[in-house]
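Student: Please read through the structure below; I'll follow up with questions.
The values are calculated or read from the model by the stated rules, or taken from the named source; none is laboratory data. Please read all numbers here as calculations on a predicted model, not as lab measurements. Don't worry about glycine lacking a Cβ; one is built from the backbone with ideal geometry, like all the others, and counts go over all protein chains shown. In case anyone asks, the SASA skips ligands and DNA or RNA and just uses the protein heavy atoms, side chains included. Shrake-Rupley method; radii C 1.70, N 1.55, O 1.52, S 1.80 Å.
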Amino acid sequence: MQKLKLLIFLAIFFIILIVFINFNRELIDFLITINLENTKLFYYYLVVSSIYFISPLPITLIILINGFIFKDYGFYISMFQILVGSFSLNLFSNKINKVFNFYKYYEKQISKFKKFNLKKISENNYSIFLSRFILPYFIHNIFFAVIKIKIYRFLFLIFFAEIPMTYALSSIGATLNKISFDQSVSAYNLFTDINFYVPFILIFVIFVVIDKLNFLFK
């Protein structure tokens, strides 16, 4: 019965995903041109944009759009959607894992590398943090759910990992908004704005913080 419910949920999820892929361009146009003064349309925007964060579709453009539309608030909206999306994908992956037991297959494959403790390496805080910049958002969430990383630990690490890039993209989106509506602002302002370089400083600071707080996850 549990497997049947999961299969029905997966079927619904893939139907929604197919619709999003087929009408992706139209949906992006809708998000960019939507009139947020209309309360109903505002909620439609939040629902449509949030679905991107639980799908394999790229979220980079959505973060830019959030920055473009909401300016300084775009960063906070994107961070909220990222955390909620990651949490939802983690729970969903755990449900799938309980039915199909992918973790057993993962342990079997990783045990073949006897010279290296790949299990320990892949579950290390730095691996979770750094792989967030390498692996696609969707795959990263699914993978670390499958290998049973505790949800509070995972969300804590990705929260800090997402700050620099999300802040940078949101700042770019906000600057593009200024360029669009203020003719005195040029693309040059994007590269002379201190906000464009802050993320690189944040990455360094976050590395130091994670190193100091590493004992929390031992």
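Student: Heavy atoms of the protein only, probe of 1.4 Å, neighbouring chains included. What is the accessible area of residue 153 in Å², nearest 10?
Tutor: The accessible area of residue 153 comes to roughly 40 Å².
Student: Can I ask one more? Mind giving me the nanometre distance, one decimal, between the label points for residue 71 and residue 46, set 7 Å out from Cα along Cα→Cβ?
Tutor: Label-label distance for residue 71 and residue 46, simple model: 2.1 nm.
Student: To the nearest 10 Å², what's residue 84's accessible area with a 1.4 Å probe?
Tutor: Approximately 70 Å² of residue 84 is accessible to the 1.4 Å probe.
Student: Any idea how far apart residue 11 and residue 133 come out in nm if each label point goes 7 Å out from Cα toward Cβ?
Tutor: Reported label-point gap for residue 11 and residue 133 is 4.4 nm.
Student: Using 0.36 nm per residue of separation minus the Cα-Cα distance, give me the extension gain between residue 151 and residue 24 in nm, one decimal.
Tutor: 42.7 nm
Student: In whole Hz and in residue order, list the ³J(HN,Hα) couplings for the stretch 61-73 that follow from phi through the Karplus curve 6.51 cos²θ - 1.76 cosθ + 1.60, θ = phi - 60°; x for Gly and Pro.
Tutor: Each residue's phi maps through the Karplus curve to give 5, 5, 5, 4, 5, 4, x, 5, 7, 9, 6, 4, 7 Hz.
Student: Note down the nm distance, to one decimal, between modelled labels 7 Å out along Cα→Cβ at residue 124 and at residue 32.
Tutor: 4.2 nm
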